[in-house]
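Data first, discussion second: the structure below is written as structure tokens.
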Amino acid sequence: MEFSAAEKLQISMLCEIFRALEINNSYDPDLIQLAISTNNYWAIGEQYQLRELSNLPTPNKPELVHEILTMYRTLSSTYNQMNEQDKDDIKKALSNNNPEKLLNFPGFDFNHETEYATIAELLKKMGCYAEMNITNNSHMPSIEIYQRMLKVFSTVLKDSNYDYQISKQSFIKILQAKIHPNKR
């Protein structure tokens with residue numbers, strides 16, 4: 001199901017009316033307008049349990065963004081549960097880079113990764129990953145970096161039977177994947 005230009009305009013105008021009249025019910029006009037204008041209908045279907053929109057083929061990009069954010073959430077949670085000795089070991093293994101800084105999600109490049117940045121904005125409006133700032137502008141292409149990290153992260157999860165407790169060594173390997181292989 002695709003919306004025509006006229007339907008998108010009508011929905012956009014309805015969203016403007018919602019805002020002007022300050023209607024505060026279960027529908028978020030900002031979320032709806034952003035989803036419609038960027039063809040991210042999956043977000044409306046997911047947020048409001050609309051089967052017609054949920055059953056549309058979802059592009060891989062929202063799934064990839066979820067995977068990236070889940071990885072960062074898991075890394076942050078794991079790090080927060082570590083003792084000080086493990087944290088010191090990690091810092092040394094990462095050439096004294098501050099692990100806490102590396103665990104802050106850098107975001108997506110607003111100039112070159114706008115589709116991913118829009119998905120992150122929609123997820124924020126939907127209340128997902130509320131403990132993280134997921135709408136940062138990385139000011140550099142980041143998808144390749146995240147995919148390198150995800151490759152290691154996915155292997156670690158698979159090897160642990162999807163137990164989201166990550167060992168110190170695996171944690172280090174995932175963060176080391178942020179560094180381009182030519183610069184290690």
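Using r as the Cβ-Cβ distance of ALA20 and SER77, and R0 as 35 Å, what FRET efficiency do you calculate, to the nearest 0.05?
In this case the efficiency is close to 0.25.
Using a Förster distance of 25 angstrom, determine the FRET efficiency expected from the C-beta separation of LYS101 and LYS158, and round it to 0.05.
0.35
Work out Dmax and Rg for the range 18-100 from the C-alpha atoms and quote the Rg first, both in angstrom.
My reading of the Cα-based Rg and Dmax gives 20.0, 56 Å.
Apply the Karplus curve 6.51 cos²θ - 1.76 cosθ + 1.60, θ = phi - 60°, to the phi angles in the range 25-36 and return the couplings in whole Hz, x for Gly and Pro.
Residue by residue, the range 25-36 yields 10, 6, 9, 9, x, 5, 5, 4, 5, 5, 5, 5 Hz.
Provide the packing ranking of 23-36, 4-17, i.e. peptides ordered by the mean count of other C-beta atoms within 10 Å per residue, highest first.
For the peptides 23-36, 4-17, the packing ranking is 23-36, 4-17.
So which of LYS91/LYS183; LYS124/LYS168; LYS87/LYS183; LYS8/LYS61; LYS125/LYS183; LYS91/LYS124 end up more than 25 Å apart by C-alpha?
Exceeds cut-off: LYS124/LYS168; LYS125/LYS183; LYS91/LYS124.
Would you list the P(r) distribution for the range 81-178, with all Cα-Cα distances sorted into 10 Å bins from 0 and each bin expressed as a whole %?
Calculated P(r), rounded to whole percents: 15, 38, 37, 10, 0.
Using the alpha carbon gyration tensor of the chain, what are the three equivalent-ellipsoid semi-axes (square root of 5 times each eigenvalue), largest first, in whole Å?
Equivalent ellipsoid of the chain: 37, 16, 16 Å, largest first.
Around LEU69, what is the net charge, scoring Lys/Arg as +1 and Asp/Glu as -1 over all other residues with Cβ under 12 Å from its Cβ?
-1
For the residue pair SER167 and MET140, what label-to-label distance in nm results when each label sits 7 Å from Cα along the Cα-to-beta-carbon direction?
3.1
Taking the Cβ of LEU14 as the center, what net charge do the other residues with Cβ under 14 Å away carry, scoring Lys and Arg +1 and Asp and Glu -1?
That works out to -2.
Computed from the coordinates by the stated procedures, all read-outs in this text should not be read as laboratory data. In this text the structure is predicted, and so the values were computed from the model without any measurement. FYI the Cβ positions are ideal-geometry reconstructions off the backbone, even for glycines, and counts take in every protein chain you see.
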